[in-house]
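The values are calculated or read from the model by the stated rules, or taken from the named source; none is laboratory data. Treat the numbers as computed from the prediction; the structure is a model and nothing was measured. Positions of Cβ are generated from backbone atoms using ideal geometry, with glycine treated the same way; all protein chains shown enter the neighbour counts. Just the protein is used for accessible areas: all its heavy atoms, side chains included, with ligands, DNA and RNA removed. Shrake-Rupley method; radii C 1.70, N 1.55, O 1.52, S 1.80 Å.
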Amino acid sequence: MRRGERRAHGGNVGKAALEEQQPPPPAQPNGGAPGAERDGAGLRRSTESEVYDDGTNTFFWRAHTLTVLFILTCALGYVTLLEETPQDTAYNTKRGIVASILVFLCFGVTQAKDGPFSRPHPAYWRFWLCVSVVYELFLIFILFQTVQDGRQFMKYIDPHLGVPLPERDYGGNCLIYDPGNATDPFHNIWDKLDGFVPAHFFGWYLKTLMIRDWWMCMIISVMFEFLEYSLEHQLPNFSECWWDHWIMDVILCNGLGIYCGMKTLSWLSLKTYKWQGLWNIPTYKGKMKRIVFQFTPYSWVKFEWKPASSLRRWLAVCGIIFVFLLAELNTFYLKFVLWMPPEHYLVLLRLVFFVNVGGVAMREIYDFMDDPKFHKKLGQQAWLVAAITATEFLIVVKYDPYTLTLSLPFYITQCWILGIILVLTWTAWRFFIRCLKCNAVWRGQQWLLLQDWLLCSGRGGKSQDPSQKHKVPVNQCQQQW
């Protein structure tokens, strides 16, 4: 059964907040292979894979709204009737806040609108949508505190926070081979091989799965290294050796992660998306394979950003790159202004959060940009990610304006001004000057076609020999026109 035929077979639509959220097109002569254009109803894009689903609706896919409400009410009733309330105000405040967040998450997981993804389960993505709301509210609360109160508030989360970070030397000796160290002349390289190396690799592997474009990933990777060069006078941990920037980061960690990500994208684009209910599969091997594939996408859409095709898409791609870079910078600046060490679990949790919400946000942005007639507004997760990134930046601005206002070195300023001028010049040429020339050529071609049509139809104004008036067949002239 193809996707969307569940309704005719009594399937529950709630099983699949399907990854595409559109009904499927009629069966294609070639079996519905990717490449079919949208039909008149706007059903499937040319880059969207065909999906076959037998429509099985099991207990796993049901909403369970009443079950969750019953369990939640029983838990609150136990706390109210059977548990003695401690006389610790701070403890009760913390527990009350946590309980409020849990109730909101339960409501959101069962009642929030589904997003574009449905694997491993729509409730999983609804959970992260609600976590996004909670995180944004937390950031707004921190934004409205004084600098001292905001930093000391972090002690309520972890008593070890709220103290200034010690000074660290990040640059140091940049010799790849240190002849002065007889025991280990390559000690500088081994010192850099810490836990952040696999973090860089897996981070860029997952970013590639989000963006689904090699060029955009490489541009963001290289531009962030330039940002580290430019801002190392503000944050000490941006000061790295040249080979750490370009060899370990761009080529090895980032480059290898992007390469593996592109290979995974290639496999996902060629994969056959045919789904069966677990109990409809006869063999144990098939059942295990089905369980593993539950953690892969329900269907696949290849992203074709085409930034040079129109001014709207060009500005959208530039905006995506800007927000990506700003979110990356916020990681370092938030640690600095809120006094969180790089290895703290809150830093890791923030990265896990962005990994889960980033993929949904990118899909919603692509749908909004690629098909504005069908997707008339920006998706909810993309809206929240943009709001979170902006709020984080505002916290950095408020908590340490002095660091942010440290002037750039003169040669750095010159390089950025030159880069901005080049981008603006190319934009003006590609979308304005070149378009004027194209429009002039197009108008000339239309005028020539009009003259040909008038000549073929005998309306050219000049007296012609009737035997020669239709020398060119009229149907051929109509095709040219």
(request) Take Tyr273, Tyr229 and sort them by solvent-accessible surface of the protein heavy atoms, 1.4 Å probe, largest at the top. (result) Tyr229, Tyr273
(request) Step through the table entries Lys94/Lys377; Lys263/Lys285; Lys192/Lys263; Lys207/Lys373; Lys306/Lys398; Lys289/Lys335, compare each Cα-Cα distance with 31 Å, and write down the pairs that go over it. (result) Lys94/Lys377; Lys306/Lys398; Lys289/Lys335
(request) Report in % the part of the accessible area of segment 53-175 that belongs to carbon and sulfur, leaving out ligands and nucleic acids; probe 1.4 Å. (result) 69 percent
(request) Leaving ligands, DNA and RNA out of it, work out the accessible area of Ser230 with a 1.4 Å probe and give it in Å² to the nearest 10. (result) 10 Å²
(message) Counting other C-beta atoms within 10 Å, and keeping those with at most 13, which DSSP coil chymotrypsin sites (Phe, Trp or Tyr not before Pro) do you find in segment 120-164?
(response) Phe144
(message) More than 29 angstrom separation, counting every C-alpha pair in segment 72-228; what % is that?
(response) 53 percent
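I'd like the carbon and sulfur percentage of the solvent accessible area for segment 303-376, probe radius 1.4 Å, heavy atoms only, ligands and nucleic acids excluded.
76 percent
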(request) Could you tell me what percent of the accessible area of segment 198-245 is made up of carbon and sulfur, with a 1.4 Å probe and every protein chain present? (result) 76 percent
